[in-house]
Amino acid sequence: MARTSQSGLLRRGAGVGKANGLLVRGVVLTTYVVDDPSHPRSVEGPKSAYCDVYVYSDNPSVGHQILRGVSVAQERSGLHDGHIWKPRASTIDIGSSATGIAPSTLSGGVVGHNPGMLDGDHVLIGFIDGSLSHPVILRSIPHPGSNKELNALKEADGDPDYWRHHGSFYGIDGDGNFVVDLTAAHDGEYLENGDEKPAAEDGTVGNVIVRVPKGSNVTIEVDGGDVTVNTGGGKAVVEAAEVHLGADNLIPIDGVVHGTGIDSLTGATYFALGSASGVVFAKK
């Protein structure tokens, strides 16, 4: 992303005035993570996410300019715990002429200078202690072009609480069900018209991964209901030293019987598993 000097009301440094409660909106041009050599806090902390933000306002004292090295407030951010939000940076290079351009010029067909056409996250910026030298991204605001079907709640959706990223979402639906939906998962790259890419359906995206420390367990408890695994024609693979079917306190009827045979119709070899208990059955 091209570098541009700052000017106007939001100049930062010694002798700069107070923000006096000013809030401005902008679109993220660049996002820096902790191992980025260009990180604005590479020498001194805190080493969290920082952004360069293209600020745009109808207020002539603010206008259109770039704030660099703006810290990102997180919903929760402790010493070792927190919620990590990495604002999406625009993939469109606006060049080096953003500062000082009049708002009327920005809609004159130059896509890179129309904030609503930039695909980065649009954010709300405040100023710590009212100082223009200490801007902070408070939270995201709706993107001007965010009218996609998947982002729009409808009356039929009730009162859900969803978290969505790269096409995948999880949360609580209007009926209180916990939902994890990865059917529209993608790698974060958008199509030229701004739409999300369809899921690849080749196993590269939308996978579910659960990792636990050595010796830990994964437990699913259901009070009288059923647990259903539907692979849609795929395989169900269990890699384990032992597989126990039925509770350990159940008494086997015939023991666990297994063997092979030849199917009289197809001539193919089949494998059979007998009953392990009174409530666990296996059949060919």
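The values are calculated or read from the model by the stated rules, or taken from the named source; none is laboratory data. Keep in mind the model is a prediction, meaning the values are calculated, not measured. Cβ sites come from the backbone with ideal geometry, for glycine too, and all protein chains shown count toward neighbours.
Restricting the first member to region 205-232 and to residues that are closer than 22 Å to G167 by Cα and at pLDDT below 90, and the second to residues that are of a type outside the set (A, V, I, L, M, F, W, C) and surrounded by 10 or more Cβ atoms within 10 Å (Cβ to Cβ), no beta-carbon pair is closer than 8 Å while six or more apart or on different chains.
Any residue at all in region 214-228 that's in contact with a helix residue (DSSP H, G or I) (Cβ under 9 Å, 6 or more places away or on another chain) and either at negative phi or not assigned by TED's automatic domain parsing to the domain that holds L22 (or both)?
Going through region 214-228, the residues in contact with a helix residue (DSSP H, G or I) (Cβ under 9 Å, 6 or more places away or on another chain) turn out to be none.
Taking every residue of region 214-228 in turn, none turns out to be in contact with a helix residue (DSSP H, G or I) (Cβ under 9 Å, 6 or more places away or on another chain) and either at negative phi or not assigned by TED's automatic domain parsing to the domain that holds L22 (or both).
Each row is one residue, and each column tells you yes or no for (1) at pLDDT below 85; (2) touching a helix residue (DSSP H, G or I) at 6+ places or on another chain (Cβ under 8 Å); (3) part of a strand (DSSP E or B).
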site: T105; (1), (2), (3): yes, yes, no
site: G116; (1), (2), (3): yes, no, no
site: I125; (1), (2), (3): no, no, yes
site: D129; (1), (2), (3): no, no, no
site: L153; (1), (2), (3): yes, no, no
site: R164; (1), (2), (3): yes, yes, yes
site: G171; (1), (2), (3): no, no, yes
site: G176; (1), (2), (3): no, no, no
site: T183; (1), (2), (3): no, no, no
